[in-house]
Amino acid sequence: MIGIFDSGVGGMTVARAVEEVLPERSIIYFGDVARTPYGSKSPTTISHYSRQNCDFLLSKGAKIIIVACNTAASVAGHHLQQEYDVPIMEVISPAVAQAVQASVSGRIGVIGTRATINSNIYEREICALNPAARVFSQPCPLLVPLVEEGWLAKRETAMILRRYLHPLRSHGVDTLVLGCTHYPLLSHMIKPRMGRQVKVIDSSLAVAHELKKYLTDHPSLAESLAKDGERHYYVSDITEAAMSTASRIFGRKMNLELVQIAQ
Ligand code: DGL
């Protein structure tokens with residue numbers, strides 16, 4: 001099984017990409033809907049939740065884990081990679097690689113949760129690939145709750161986005177990284193506000209392709225993964241908003257399975 005987790009339904013944008021790129025592989029997803037959002041919590045709490053999520057996925061037979069949450073990856077990704085025996089992939093490096101390649105001026109904007117932006121991980125990784133780059137970061141703490149609520153086309157969401165994106169526009173970025181797996185659900189509102197000349201980076205497909213390559217390079221791991229297309233989408237709480245957002249992401253009615261994660 002390929003294990004994927006996020007603080008809620010946003011990471012399903014990554015799971016959908018994995019379904020698309022590796023349709024025969026079995027997937028187990030966990031969305032911590034009961035405890036979302038992670039982005040405004042402390043690094044200690046985010047790390048604790050992330051370990052619990054990995055333990056759950058492993059208990060269900062995951063042989064490789066994708067941390068489909070920038071917040072968990074930025075705070076705990078490195079520790080998880082050291083602590084667990086299975087390969088742990090994340091969503092930040094593929095987004096950084098895409099952004100550095102896409103940007104002509106080297107002026108790159110990053111939006112993410114408070115925890116992701118405070119970790120400075122995007123700035124460090126972008127500058128490691130292009131030392132001449134200028135990174136402009138904007139925490140957007142209200143966006144994850146709006147997505148979890150399904151407010152994907154409301155006037156209030158548009159107003160909040162305008163407020164968050166204005167400084168990045170003023171800095172003249174030519175590339176904007178969606179540094180949170182919830183944000184692709186708002187890209188139809190983000191793109192027009194940034195202008196056509198700004199490239200908007202969503203790493204979900206890049207992550208799925210990186211996973212495919214990893215499996216090609218590691219045939220014994222690939223061999224050990226079931227190829228029966230079985231899928232389980234677990235959540236720690238089933239809400240109406242989570243169900244409708246999940247169905248919107250996949251374009252089909254989703255059967256979310258409830259699971260309690262130990263506190
Ligand atoms: N999808 C998560 C991310 O990529 C959202 C984190 C949160 O719950 O705040 O950062």
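Every number in this text was worked out from the coordinates using simple rules, so none of it is lab data. Nothing here was measured: the structure is a model prediction, and the numbers come from that model. In this analysis, Cβ positions are derived from the backbone assuming ideal geometry, glycine residues included, and neighbour counts consider all displayed protein chains.
A few points about this structure:
- Sites listed here are trypsin sites (Lys or Arg not before Pro) in region 174-234 whose DSSP assignment is loop and whose Cβ has at most 15 other Cβ atoms within 10 Å: 196, 227.
- Among the trypsin sites (Lys or Arg not before Pro) in region 16-64, those placed in a DSSP loop whose Cβ has at most 15 other Cβ atoms within 10 Å are 60.
- Stokes-Einstein diffusion coefficient of region 50-100, Kirkwood radius over Cα pairs, 37 °C, 0.692 mPa s, in µm²/s: 291
- Annotation: extensible slack from residue 124 through residue 223 equals 32.1 nm (criterion: 0.36 nm per residue apart, minus Cα-Cα distance).
- Label-to-label distance for residue 149 and residue 83 is 3.2 nm, based on points extended 7 Å past Cα in the beta-carbon direction.
- Two-site FRET efficiency, residue 213 against residue 159, from Cβ-Cβ distance with R₀ of 45 Å, rounded to 0.05: 0.65
- Remark on region 130-172: hydrodynamic radius 11.8 angstrom, per the Kirkwood mean of 1/r across alpha carbon pairs.
- Each stretch of four or more DSSP H residues adds -39500 (n - 2.57); spread over every residue of the chain, this sum gives -14500 deg cm²/dmol at 222 nm.
- Full-stretch length increase - residue 44, residue 259 - with 0.36 nm per residue and alpha-carbon distance subtracted: 75.1 nm
- Taken over the chain, the convex hull of the Cα atoms encloses 117 Å³ per residue.
- Kirkwood Rh and Cα Rg combined as Rg over Rh, evaluated for region 71-132: 1.00
- Entries of 60/253; 154/212; 191/213; 212/253 with Cα pairs more than 28 Å apart: 154/212; 191/213
- When the alpha carbon gyration tensor of region 181-263 is reduced to an equivalent ellipsoid, the three semi-axes, largest first, read 28, 24, 11 Å.
- The loop-placed GluC sites (Glu not before Pro) in region 198-263, going by DSSP, that have at most 15 neighbouring Cβ atoms within 10 Å of their Cβ come out as 230.
- Gyration tensor verdict on region 89-237 (Cα atoms; rounded if a/c is under 1.5, prolate if a/b is larger than b/c, oblate otherwise): oblate
- Relative to the Cα centre, the charge distribution of the chain, modelled as +1 at Lys and Arg Cβ and -1 at Asp and Glu Cβ, gives a dipole magnitude of about 1080 debye.
- In this structure, the amide hydrogen of residue 136, modeled 1.01 Å from its nitrogen in the peptide plane, lies closer than 5 angstrom to those of 108, 109, 110, counting only residues at least 5 positions away or on a different chain.
- Cubic angstrom per residue, convex hull over Cα atoms of region 46-155: 131
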